[in-house]
Amino acid sequence: MDTIKTLQVTELLPGDVLLHMGRGELSKLIAWVGDSAYSHAAMVIGHGELIEAATKGVRHASLAERTRMVAAFDYVDVFRPLRPTPRDSADIAALLAAADVYLGRPYPMTSLLTLGIVCAVRNKIPGDERLHEALRMALDLVVQDDPSRVVCSELVYRGYAEAVTKPPQALRLPITHRALQATPLPKIDLIALAMECLEDYQRANPKGMVLRAGSAPEELPALLAQARTTLGIGGLQTSGAGDHVPNPKTVLPADLEFSSGLRKLGRLPLKA
């Protein structure tokens, strides 16, 4: 097994992508459904800070503080873009400006919404019926979502794709369609999952959204199909062999993980 290089915050550069694995039960499901090792994404902006879509909206946050969040994350890995390079100061400035457009968005990102998006994009639902209520709540958030809401990996992708460059979209990260993987479902603490779901659903608190009564298991596929329609899944554009130009709202942490435009550098040490 390859040894993962430990990186210090001082080694990070603007534009580096930080992929996180959360400790919660929703994070486990996000990673499993996404066939990924990650559940959250952020981007380094320099001056010891990152930008991310989090529970309080799109914000800047301290990198040093992130390395102390051992209760929230199992690990945080660093991926460096092939472009822009450290010498491409104009492109770096364009990237950071594009991400900052979303700064302060009032609608919070929740892990439950992210789970719904991942389920819809991957067209994947765990067979364990004990998890279906959580999935119904997650898909409900997608179907009823305010389109101005931005989730974590979408923010990172939009920064790169919407940076004003010559030629246009010169920094856009390639996204490749991946087949579903036959990985075993992780062990889920159902009580902890239920608590996380209720807290997230209440935290989302979008205008006019109400928690609906539980639906029968056979109704879940129809809700999944509705979520996919809401996200416009099914008509991806293509840009070269295997490279899809997705709706940014459907970009997952796994898409960043496997993008050919990023290379994994190492892992930040987490210590309280």
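Quick notes on this structure:
- When restricted to residues that are part of a loop (DSSP other than H, G, I, E, B) and within 20 Å of Ile4 (Cβ to Cβ), the stretch 45-70 contains 4.
- Test: Ser89 is small (Gly, Ala, Ser), in contact with a strand residue (DSSP E or B) (Cβ under 8 Å, 6 or more places away or on another chain) and at negative phi: no
- Taken as a whole, the structure places Ser148 among residues that are modelled with pLDDT under 85 and among the hydroxyl-bearing types (Ser, Thr, Tyr).
- When restricted to residues that are surrounded by 13 or more Cβ atoms within 10 Å (Cβ to Cβ), in a loop (DSSP other than H, G, I, E, B) and either touching a residue at least 24 places away in the same chain (Cβ under 8 Å) or of a type in the set (S, T, N, Q) (or both), the stretch 71-91 contains 5.
- Residue match in the stretch 42-64 (condition: out of contact with any Ser or Thr (no Cβ under 8 Å at 6 or more places or on another chain), at pLDDT 95 or above, surrounded by 21 or more Cβ atoms within 10 Å (Cβ to Cβ) and within 23 Å of Pro186 (Cα to Cα)): no
- Those residues of the stretch 55-69 which are under 19 Å from the mean Cα position of the chain (by Cα) and among the aliphatic types (A, V, I, L, M), in sequence order: Val58, Ala61, Leu63, Met69
- Qualifying residue in the stretch 74-83 (condition: in contact with a strand residue (DSSP E or B) (Cβ under 6 Å, 6 or more places away or on another chain) and closer than 22 Å to Ile191 by Cα): yes
- Considering residues of the stretch 93-136 that are among the basic types (Lys, Arg) and surrounded by fewer than 19 Cβ atoms within 10 Å (Cβ to Cβ) only, the residue nearest to Ala161 (Cα to Cα): Arg105
- Where Thr10 falls short, out of the listed (1) in contact (Cβ under 8 Å) with a residue 12 or more places away in the chain; (2) outside any strand (DSSP E or B): (1)
- In the stretch 54-73, of all residues being of a type outside the set (A, V, I, L, M, F, W, C) and in contact with an Asp or Glu (Cβ under 8 Å, 6 or more places away or on another chain), the one that is nearest to Ser111 (Cα to Cα) corresponds to Arg59.
- Any hit, the stretch 89-107, residues being within 15 Å of the chain's Cα centre (by Cα) and of a type outside the set (Ser, Thr, Tyr): yes
- Annotation note: Cβ proximity below 6 Å between a residue of the stretch 171-190 that is touching a residue at least 40 places away in the same chain (Cβ under 8 Å) and surrounded by 11 or more Cβ atoms within 10 Å (Cβ to Cβ) and a residue that is aliphatic (A, V, I, L, M) and part of a loop (DSSP other than H, G, I, E, B) (sequence gap 6+ or interchain) occurs for Leu171/Ala163.
The values are calculated or read from the model by the stated rules, or taken from the named source; none is laboratory data. Nothing here was measured: the structure is a model prediction, and the numbers come from that model. Note that each Cβ is placed from the backbone with ideal geometry, even for glycine, and that neighbours are counted across all protein chains shown.
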